[in-house]
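These notes concern the structure reproduced below.
The values are calculated or read from the model by the stated rules, or taken from the named source; none is laboratory data. Keep in mind that this is a model prediction, so the values were computed, not measured. Glycine gets a Cβ as well: all are built from the backbone with ideal geometry, and neighbour counts include every protein chain shown. Ligands, DNA and RNA are stripped out before the accessible areas are found, and what is left, the full protein with its side chains, is counted by its heavy atoms. Shrake-Rupley method; radii C 1.70, N 1.55, O 1.52, S 1.80 Å.
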Amino acid sequence: MTTTRIILKPGRQKPVQRRHPWIFSGAIQQVAGAPAPGELVAVQSHRGEFLAWGHYSPHSQIRARLISWREAVQPESADFWRARLRRAIDARKPLLASGQTTACRLIHAESDGAPGLIVDRYGDTLVVQLLSAGAEARRELFTTLLAELLAPQRIYERSDAAARYKEGLASQVGTLYGPAPAAPVMILENGLRFLVDVQAGHKSGFYLDQRANRQRLRETVARLAASRPAPPTLLNVFSYTGGFAVYGLAGGAAHVVNVDSSAAALALGRENLALNGYAAARVEDLTGDAFEVLRQLRAAGQQFDLIVLDPPKFAVSKRDVQRAARGYKDINLQAFHLLRPGGQLFTCSCSGAISADLFQKIVFGAALDAGSDAQIIGRLTQSSDHPVALTCPEGDYLKGLICRNLS
Ligand code: SAH
């Protein structure tokens, strides 16, 4: 039995009993037994009752991440973790069953009961992120279990997210299992082909969380195309490697304009066009700062039937909310100016610190200032392979609105 324990202050056990998976430093009365980073610890109330098992993170404000509330089973064995990983992997089977999609998030950290562990599948390649001291301490165990459960060609580590620094961990990147990736990996998503650069791409290589929203855009384009004399045009802002662009073309868009500050992302986007058989002339790439490019498009009198705004996380923490809100307001204001009457805006925020309610208020303010008579006709969220544990609403980060411009 482990002897290391975290003893909470009086009155601080409620969230643990309600199965929230984080113990903040301010809730702790005493850490008994000098646990090492990532070590399994028992969490107790101030009266000494057992509450949960967790992994110790000495350098983070989140001092322990909880994995089990059952005292009898110490959640440390390979069997425990095999069952936990298998549960998450099995839940994604329906998504992959048709063979039309070969990439998804298999394990989504706290939301799947595996704090700090993210595993994305890109065809036969798995990309792993270890983002907490507890996950870091189990690198070998997780690698062995993932190899056993999924028999991938390779497992590649991309533990270079900012979350590592809060845990006192340096970034770590490289091959954990199998051969090193020689080139971008090809995946299928809803029958469309994409190249994913798992070594140098953003996050683990692709924005898997937008899959359902990309599909929604494709369906919207197809419906608009069927109901109008001329096929719709699409402005895809913060395009990365052109995910929404390829889906837009698949839905029947006549022409797409991609905007991104990363020339490398846009270059891979051009390969994605060719891979799906779309003529290069149907897409124009604008490399630059979206805040400026949108103004230039407006000055040039351009208008679009569909606009996607999928910016990076403007608010990293609560402190950034005001500044981030100004950024969201600005790009949405520009987008409403660029949207044709009858057109639709898909506008997103992946900032956890910006609530869905606040985001809607920001978009409202933007439409008002643009003089657009707009209405909400749909809501967007992260794809189902990025679930939100009911016990941990903090996992609900991606929100978006589909707005129709009536004016
Ligand atoms: N919609 C994409 C994901 C977008 S991620 C998809 O479906 O795959 C956000 C993108 O914004 C990144 O590609 C990043 O390079 C780009 N970006 C960040 N800041 C930017 C800025 N100020 N102007 C333009 N692009 C920016």
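The lone criterion from (1) open to solvent by 10 Å² or more (accessible area, probe 1.4 Å); (2) closer than 28 Å to Tyr397 by Cα left unmet by Ala226 is number (2).
Checking every residue in segment 79-87 against the condition of being on the phi > 0 side of the Ramachandran plot and open to solvent by 40 Å² or more (accessible area, probe 1.4 Å) gives zero matches. Only a single item in (1) open to solvent by 10 Å² or more (accessible area, probe 1.4 Å); (2) away from the ligand (no atom under 14 Å from the Cβ); (3) over 15 Å from the mean Cα position of the chain (by Cα) is not met by Ala162, and it is number (3).
Scanning segment 282-312 for residues that are free of Cβ contacts under 8 Å to residues at least 24 places away in the same chain and either surrounded by 19 or more Cβ atoms within 10 Å (Cβ to Cβ) or away from the ligand (no atom under 12 Å from the Cβ) (or both) yields Gln296, Ala299, Ala300, Gly301. Among the conditions (1) buried (at least 18 other Cβ atoms within 10 Å of the Cβ); (2) polar (S, T, N, Q); (3) farther than 30 Å from Leu188 by Cβ, Gln17 misses just one, which is (1). With respect to Gln334, determine if the residue is at pLDDT 95 or above and closer than 20 Å to Gly301 by Cβ. Yes; evaluated as a whole, the condition is true for this residue.
Of the numbered criteria (1) of a type in the set (A, V, I, L, M, F, W, C); (2) in contact with a strand residue (DSSP E or B) (Cβ under 8 Å, 6 or more places away or on another chain); (3) within 15 Å of the ligand (Cβ to nearest atom), the one Ala254 fails is (3). Yes or no: segment 318-334 includes at least one residue that is small (Gly, Ala, Ser), within 16 Å of the ligand (Cβ to nearest atom), open to solvent by less than 20 Å² (accessible area, probe 1.4 Å) and in contact with a Ser or Thr (Cβ under 7 Å, 6 or more places away or on another chain). Yes: one or more hits.
Each row is one residue, and each column tells you yes or no for (1) over 19 Å from Pro15 (Cα atoms); (2) out of contact with any Asp or Glu (no Cβ under 9 Å at 6 or more places or on another chain).
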position	(1), (2)
Ala64	no, yes
Ser77	yes, yes
Trp81	yes, yes
Arg86	yes, yes
Asp90	yes, yes
Cys104	yes, no
Leu126	yes, no
Ala137	yes, no
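Taking (1) open to solvent by 20 Å² or more (accessible area, probe 1.4 Å); (2) within 13 Å of the ligand (Cβ to nearest atom) in turn, Phe346 satisfies each apart from (1).
For segment 92-108, filtered to residues that are in a helix (DSSP H, G or I) and without any contact (Cβ under 8 Å) to a residue 40 or more places away in the chain, the residue that is most open to solvent (accessible area, probe 1.4 Å) is Lys93. For segment 180-208, taking the residues that are more than 21 Å from the chain's Cα centre (by Cα) and closer than 12 Å to Leu126 by Cα, the one that is least open to solvent (accessible area, probe 1.4 Å) is identified as Pro181. The number of residues in segment 377-391 that are in a strand (DSSP E or B) and crowded, with 18+ Cβ neighbours inside 10 Å comes to 1. When you go through (1) assigned by TED's automatic domain parsing to the domain that holds Gly168; (2) open to solvent by 10 Å² or more (accessible area, probe 1.4 Å); (3) assigned to a strand (DSSP E or B); (4) among the hydrophobic types (A, V, I, L, M, F, W, C) one by one for Val119, which number turns out not to apply? It fails just one condition, (2). Considering Leu224, Leu268, Leu234, the condition of being within 16 Å of the ligand (Cβ to nearest atom) and either in contact with a helix residue (DSSP H, G or I) (Cβ under 9 Å, 6 or more places away or on another chain) or under 17 Å from Arg214 (Cα atoms) (or both) is satisfied by Leu234 alone. Mind listing whichever residues of segment 124-156 are among the β-branched types (Val, Ile, Thr) and open to solvent by 10 Å² or more (accessible area, probe 1.4 Å)? Matches in segment 124-156: Thr143, Thr144.
Kindly provide the set of residues from segment 38-68 that are surrounded by fewer than 17 Cβ atoms within 10 Å (Cβ to Cβ) and part of a loop (DSSP other than H, G, I, E, B), ordered by number. Residues satisfying the conditions are His46, Arg47, Gly48, Glu49, His59, Gln61. Residues in segment 257-281 that are among the acidic types (Asp, Glu) and in contact (Cβ under 8 Å) with a residue 40 or more places away in the chain: Glu271 alone.
Could you please let me know if Asp124 is without any contact (Cβ under 8 Å) to a residue 24 or more places away in the chain and either assigned by TED's automatic domain parsing to the domain that holds Ala36 or at negative phi (or both)? No; evaluated as a whole, the condition is false for this residue. Using the structure shown, decide if Val16 is outside the structural domain of Arg139 (by TED's automatic domain parsing), part of a helix (DSSP H, G or I) and modelled with pLDDT of 95 or more. Criteria met by Val16.
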